[in-house]
Amino acid sequence: MGSSEPEPGPAWHFVGKFEESTTGDRLHGVLGGRYISVIRHEGSLFAIDSVCFHAGGPLGLGDIEDVNGHTCVVCPWHYYVVALDNGEKWYQGTVQGPDGKLLPGAWKSVGQRQRTHHVQQREDGGIWVQLNLEGQLASDEYAYKPECGLRIQT
Ligand code: FES
(Lines give C-alpha, C1' and ligand atoms only; values in the text may rest on other atoms or scores of the structure.)
Protein backbone atom coordinates (compact mmCIF):
# COMPACT_ATOMS: atom_id res chain seq x y z
CA MET A 1 0.00 0.00 0.00
CA GLY A 2 1.35 3.39 -0.74
CA SER A 3 0.02 6.76 -1.72
CA SER A 4 1.08 10.33 -1.40
CA GLU A 5 -2.43 11.72 -1.67
CA PRO A 6 -4.86 11.39 1.20
CA GLU A 7 -8.17 9.84 0.26
CA PRO A 8 -11.37 11.82 0.83
CA GLY A 9 -13.51 11.22 3.90
CA PRO A 10 -12.86 11.49 7.64
CA ALA A 11 -9.52 12.83 8.81
CA TRP A 12 -6.31 10.87 8.39
CA HIS A 13 -4.07 10.65 11.46
CA PHE A 14 -0.31 10.30 11.44
CA VAL A 15 0.70 7.31 13.55
CA GLY A 16 4.48 7.16 13.03
CA LYS A 17 7.15 5.49 10.95
CA PHE A 18 8.26 1.90 11.21
CA GLU A 19 11.94 2.84 11.05
CA GLU A 20 11.48 4.86 14.23
CA SER A 21 9.56 2.06 15.92
CA THR A 22 10.99 0.07 18.80
CA THR A 23 8.43 -2.66 18.27
CA GLY A 24 9.37 -3.93 14.81
CA ASP A 25 6.57 -4.10 12.31
CA ARG A 26 3.98 -2.58 14.63
CA LEU A 27 2.91 0.88 15.60
CA HIS A 28 0.47 1.62 18.39
CA GLY A 29 -1.30 4.88 18.93
CA VAL A 30 -4.33 6.65 20.33
CA LEU A 31 -6.50 8.30 17.68
CA GLY A 32 -9.52 10.23 18.84
CA GLY A 33 -9.15 8.46 22.19
CA ARG A 34 -9.25 5.06 20.50
CA TYR A 35 -6.38 2.56 20.85
CA ILE A 36 -5.19 1.48 17.40
CA SER A 37 -2.49 -0.90 16.22
CA VAL A 38 -0.92 -0.85 12.78
CA ILE A 39 0.64 -4.15 11.79
CA ARG A 40 2.88 -4.73 8.78
CA HIS A 41 3.02 -8.35 7.70
CA GLU A 42 4.58 -9.77 4.53
CA GLY A 43 4.21 -6.50 2.65
CA SER A 44 0.65 -5.75 3.72
CA LEU A 45 -0.52 -3.11 6.18
CA PHE A 46 -3.40 -3.50 8.58
CA ALA A 47 -4.97 -1.18 11.16
CA ILE A 48 -7.12 -2.66 13.89
CA ASP A 49 -8.45 -1.77 17.32
CA SER A 50 -5.66 -2.66 19.76
CA VAL A 51 -7.89 -3.91 22.57
CA CYS A 52 -9.59 -7.26 22.14
CA PHE A 53 -13.38 -7.32 21.87
CA HIS A 54 -13.60 -10.43 24.05
CA ALA A 55 -12.44 -9.15 27.41
CA GLY A 56 -10.11 -6.23 26.81
CA GLY A 57 -6.89 -8.14 26.16
CA PRO A 58 -3.87 -6.73 24.27
CA LEU A 59 -4.86 -8.06 20.84
CA GLY A 60 -2.50 -5.66 19.08
CA LEU A 61 0.46 -7.46 20.65
CA GLY A 62 -0.60 -10.95 19.55
CA ASP A 63 1.21 -13.39 17.28
CA ILE A 64 0.36 -13.43 13.58
CA GLU A 65 -0.97 -16.63 12.00
CA ASP A 66 -2.43 -17.58 8.67
CA VAL A 67 -5.88 -19.08 9.15
CA ASN A 68 -7.92 -20.27 6.20
CA GLY A 69 -6.08 -17.86 3.92
CA HIS A 70 -6.56 -14.90 6.26
CA THR A 71 -3.76 -13.11 8.06
CA CYS A 72 -4.89 -13.17 11.68
CA VAL A 73 -3.69 -11.94 15.05
CA VAL A 74 -4.03 -14.24 18.04
CA CYS A 75 -4.97 -12.57 21.32
CA PRO A 76 -2.42 -13.31 24.07
CA TRP A 77 -5.12 -13.64 26.73
CA HIS A 78 -7.55 -16.34 25.52
CA TYR A 79 -6.16 -17.03 22.04
CA TYR A 80 -9.08 -15.72 20.04
CA VAL A 81 -8.16 -15.53 16.37
CA VAL A 82 -9.06 -12.30 14.58
CA ALA A 83 -8.54 -11.53 10.88
CA LEU A 84 -6.50 -8.39 10.38
CA ASP A 85 -8.18 -7.39 7.11
CA ASN A 86 -11.80 -7.40 8.27
CA GLY A 87 -11.92 -8.09 12.02
CA GLU A 88 -13.67 -11.45 11.71
CA LYS A 89 -13.30 -13.83 14.63
CA TRP A 90 -12.33 -17.33 13.50
CA TYR A 91 -12.53 -20.58 15.41
CA GLN A 92 -11.72 -24.15 14.58
CA GLY A 93 -14.69 -26.50 14.63
CA THR A 94 -14.52 -30.16 15.59
CA VAL A 95 -15.49 -33.40 13.91
CA GLN A 96 -16.00 -36.80 15.45
CA GLY A 97 -13.34 -39.32 14.56
CA PRO A 98 -14.01 -43.02 13.89
CA ASP A 99 -13.29 -43.84 17.53
CA GLY A 100 -15.76 -41.23 18.74
CA LYS A 101 -13.09 -38.76 19.80
CA LEU A 102 -13.34 -35.17 18.68
CA LEU A 103 -10.78 -34.05 16.13
CA PRO A 104 -9.95 -30.59 14.79
CA GLY A 105 -12.30 -29.64 11.97
CA ALA A 106 -12.71 -26.77 9.57
CA TRP A 107 -12.14 -23.16 10.51
CA LYS A 108 -15.29 -21.06 10.73
CA SER A 109 -16.02 -17.39 11.10
CA VAL A 110 -18.51 -15.91 13.52
CA GLY A 111 -18.37 -12.60 11.63
CA GLN A 112 -16.73 -9.30 12.38
CA ARG A 113 -16.16 -8.52 16.05
CA GLN A 114 -13.05 -6.31 15.95
CA ARG A 115 -13.06 -2.96 14.19
CA THR A 116 -10.52 -2.39 11.44
CA HIS A 117 -9.48 0.94 9.97
CA HIS A 118 -8.04 2.34 6.76
CA VAL A 119 -4.27 2.61 6.64
CA GLN A 120 -1.73 3.87 4.14
CA GLN A 121 1.97 4.46 3.97
CA ARG A 122 2.93 7.69 2.26
CA GLU A 123 6.02 8.40 0.19
CA ASP A 124 8.01 9.68 3.15
CA GLY A 125 7.36 6.41 4.99
CA GLY A 126 4.78 7.90 7.32
CA ILE A 127 1.91 5.65 8.38
CA TRP A 128 -1.50 7.28 8.38
CA VAL A 129 -4.80 5.88 9.63
CA GLN A 130 -8.34 6.92 8.89
CA LEU A 131 -10.75 5.68 11.54
CA ASN A 132 -13.64 3.57 10.32
CA LEU A 133 -16.42 4.17 12.85
CA GLU A 134 -19.43 2.95 10.89
CA GLY A 135 -22.04 0.96 12.79
CA GLN A 136 -21.44 -0.79 16.09
CA LEU A 137 -19.01 -3.60 16.79
CA ALA A 138 -18.09 -5.61 19.86
CA SER A 139 -14.62 -4.06 20.05
CA ASP A 140 -16.16 -0.62 20.60
CA GLU A 141 -16.73 -1.58 24.24
CA TYR A 142 -13.00 -1.62 25.00
CA ALA A 143 -11.65 0.71 22.34
CA TYR A 144 -11.20 3.67 24.67
CA LYS A 145 -10.13 1.90 27.86
CA PRO A 146 -7.15 -0.41 27.64
CA GLU A 147 -7.83 -2.58 30.66
CA CYS A 148 -5.13 -4.86 29.33
CA GLY A 149 -2.55 -2.28 30.40
CA LEU A 150 -1.40 -1.92 26.81
CA ARG A 151 1.44 0.57 26.71
CA ILE A 152 1.39 2.84 23.72
CA GLN A 153 4.87 2.75 22.29
CA THR A 154 5.80 3.44 18.70
FE1 FES B 1 -10.04 -12.93 25.58
FE2 FES B 1 -8.69 -11.49 23.82
S3 FES B 1 -9.34 -10.90 25.79
S4 FES B 1 -9.28 -13.54 23.67
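The values are calculated or read from the model by the stated rules, or taken from the named source; none is laboratory data. Keep in mind it's a predicted model, so treat the numbers as computed, not measured. Because the Cβ atoms are built from the backbone with ideal geometry, glycine has one as well, and the counts that use them run over all protein chains shown.
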Please count how many residues of the stretch 72-124 are in contact with an Asp or Glu (Cβ under 8 Å, 6 or more places away or on another chain) and of a type in the set (A, V, I, L, M, F, W, C). 6
Across the stretch 51-91, the tally of residues that are in a helix (DSSP H, G or I) and either touching a strand residue (DSSP E or B) at 6+ places or on another chain (Cβ under 6 Å) or near the ligand (Cβ under 10 Å from one of its atoms) (or both) stands at 2
Would you check if there is a residue in the stretch 128-150 being in a loop (DSSP other than H, G, I, E, B), closer than 30 Å to F14 by Cβ, at pLDDT 95 or above and within 16 Å of the ligand (Cβ to nearest atom)? yes
Which number in (1) within 16 Å of the ligand (Cβ to nearest atom); (2) free of Cβ contacts under 8 Å to residues at least 12 places away in the same chain marks the one condition that Q112 misses? (2)
Does the stretch 76-115 hold any residues that are more than 22 Å from the chain's Cα centre (by Cα) and polar (S, T, N, Q), and which are they? T94, Q96
Answer residue from the stretch 37-50, given it is more than 8 Å from the chain's Cα centre (by Cα) and in a strand (DSSP E or B) and is nearest to the ligand (Cβ to nearest atom) among those: H41
The lone exception for A47 - which of (1) without any contact (Cβ under 8 Å) to a residue 12 or more places away in the chain; (2) in contact with a His (Cβ under 6 Å, 6 or more places away or on another chain) it fails: (1)
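Run down P98, P104, P76 and say which single residue is in contact with a helix residue (DSSP H, G or I) (Cβ under 8 Å, 6 or more places away or on another chain) and more than 23 Å from L131 (Cβ to Cβ).
Every option except P76 fails the conditions.
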